[in-house]
Amino acid sequence: MTDHRIDSARLETIIERILLADGCTADEARTVADHLVMASLSGHDSHGVIRTPRYHIWLGDGTIRAARPLTTILDNGPLLQLDGNDGMGQWLAREATTMGIAKARENGIGLVALRRAGHIGRIGTYAEQACDAGFASIHFCNVNGSLLVAPFGTARRCAGTNPIAVGIPYPEGDDFILDLATSLVAEGKALVAGQGGKPLPEDALVAADGTTTADPRVLYGDSLDTANPDPRVGPGALRAMGDHKGSGLALACELLAGALTGNGANRPVEGQFGNGLLSIIIDPATFDDTNGFAAEVADYLAFVRDSPPAAGVERVLAPGDKERALRIERRANGLPMPEPVLANILSVAAELGVEASREALIL
């Protein structure tokens, strides 16, 4: 359900001021606000501006911390191991990706292990960042301290939503950007549905008795009726995507981005919240001895996009196409937003003394 169309630029300014009031540095506030608005513009509302009230709470209770440095644990050739010290995740992941790109430029490949980052948001952002620099990349993320997902065959929470992203640059056209959670839906999509947004698929969640459901209340319990729903308190769980295959990817993220990075994999009792990120960044020129990489990317994506659409499909899209189209539409016509989401953001702004005009935001 869309109650309003919002001016995204004005909303970004308000979110930036909220984050500044919560103690973030100017660069952190700017980076995180831009990330949240861009995620919403791209159609990833689950990782977008709806997160603002939750970040306010987390900054207040120490779940994430403002103005934390990025500490280098290992720097050896193409390898980097970094500690985010529970800081602002989007800022940390941007910096880690920048360092990985520098490693790939120098060595042909950069492998970056980031641990203890606050919520890094939409993981496809970092694949886009690498593509913008001309590099391919693969990203695995785990969410320690966030037991939300029941793997195939169980009704028990054993994993986070654990996203994966892949970016393939195409210098003369649109980059290939694959960005997916290994849960059937991201937790934030359940939050969006619970606050009046797009409903979930009928089998997106699993109740405590093992039956599937679309009701976000099995994830949030009665906290869904509050201003800040908590996905930890419900009796059920999100389901992993793709049955046993998707569950395998979710568990791989726990082991690669959790165990290998030092962030830690999930346990039966939730620990300190934090994202682990394992990023592999590759310079295509290193392997492109025939100088044919760009043509191969172009030819293959054209082959896919030009295929006859299946019944009910208007046109065939490649990963990244939908996000790019939504950005154009939402910049032109405003960011769609349910009233509860807008009200919660304005409530946080009022609490912090940040000037925020409802009338100026609504188009």
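Listed values, structure above:
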quantity: Charged-residue dipole, Cβ positions (Lys, Arg, Asp, Glu), the chain about Cα centre, Debye nearest 20; calculated: 600 debye
quantity: Neighbourhood net charge (15 Å Cβ-Cβ; Lys/Arg +1, Asp/Glu -1) for Gly264; calculated: -1
quantity: Long-range amide H partners of Val185 with built H, under 5 Å; calculated: Arg239
quantity: Over the range 27-66 - Rg/Rh using Cα atoms and the Kirkwood inverse-distance radius; calculated: 1.00
quantity: Alpha-carbon centroid distance for the pair the range 63-77 / the range 78-136, whole angstrom; calculated: 11 Å
quantity: Table column - 3J(HN,Hα) (Hz), the range 270-281, Karplus curve with 6.51, -1.76, 1.60, x for Gly and Pro; calculated: 5, x, 5, 5, x, 8, x, 9, 10, 10, 10, 10
quantity: Calculated FRET efficiency for the pair Asn107/Leu317, C-beta based, R₀ 30 Å, to 0.05; calculated: 0.30
quantity: Computed label-point distance, nm, for sites Ser357 and Asp7 using a 7 Å Cα→Cβ extension; calculated: 0.7 nm
quantity: log10 of Debye I(q)/I(0), alpha-carbon scatterers only, for the range 305-345 at 0.17, 0.33 Å⁻¹; calculated: -0.66, -1.03
quantity: Computed label-point distance, nm, for sites Thr211 and Arg65 using a 7 Å Cα→Cβ extension; calculated: 4.6 nm
quantity: Hits among aspartates and glutamates - C-alpha to C-alpha of Lys103 under 16 Å, sequence gap 8 or more where chains match; calculated: Asp75, Glu95, Asp132, Asp283
quantity: Among 251-259, 293-301, the order from most to least packed when residues are scored by Cβ within 10 Å on average; calculated: 251-259, 293-301
quantity: Label zone at Glu172 (point 7 Å along Cα-to-Cβ), backbone N below 18 Å, the range 266-309; calculated: 284-285, 288-306
quantity: Order by protection proxy (mean Cβ within 10 Å, highest first), peptides 109-117, 305-313, 240-248; calculated: 109-117, 240-248, 305-313
quantity: Kyte-Doolittle at least 0.5, axis length at least 15 Å by Cα - qualifying DSSP helices, the chain; calculated: 8-21, 293-305, 339-352
quantity: Positive dipole terminus of the chain, leading residue within Gly89, Ala332, Ser8 (C-beta point charges); calculated: Gly89
quantity: Gain in span if fully extended, Thr25 to Asn333, counting 0.36 nm per residue against the direct Cα distance; calculated: 107.8 nm
quantity: Ranked packing of 69-78, 124-133, most packed first, by mean Cβ within 10 Å; calculated: 124-133, 69-78
quantity: Mean shadow area of the range 63-134 over all directions, Cα convex hull, nm²; calculated: 4.4 nm²
quantity: Residue-wise HN-Hα coupling along the range 263-269, computed from phi with Karplus coefficients 6.51, -1.76, 1.60 (Hz; x: Gly, Pro); calculated: 5, x, 8, 5, 10, x, 10
quantity: Stretchable slack from Ala259 to Phe287, in nm (0.36 nm times residue separation minus alpha-carbon distance); calculated: 7.1 nm
quantity: Charge dipole magnitude, Cβ of K and R +1, D and E -1 - the range 239-296, Cα centre, debye nearest 20; calculated: 420 debye
quantity: Under 30 Å from Lys198, Cα to Cα: lysines that are on another chain or at least 8 residues apart; calculated: Lys189, Lys245, Lys322
quantity: Extension gain (nm, one decimal) between Val304 and Asn85, 0.36 nm per residue minus Cα-Cα; calculated: 74.6 nm
quantity: Charge-dipole axis of the chain as Lys and Arg at +1 and Asp and Glu at -1 on Cβ define it, positive-most pick from Val313, Ser40, Ala343; calculated: Ala343
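None of the figures in this text is laboratory data; all of them are computed from the coordinates on show. Here the structure is a predicted model, which means the values were calculated and not measured. Because the Cβ atoms are built from the backbone with ideal geometry, glycine has one as well, and the counts that use them run over all protein chains shown.
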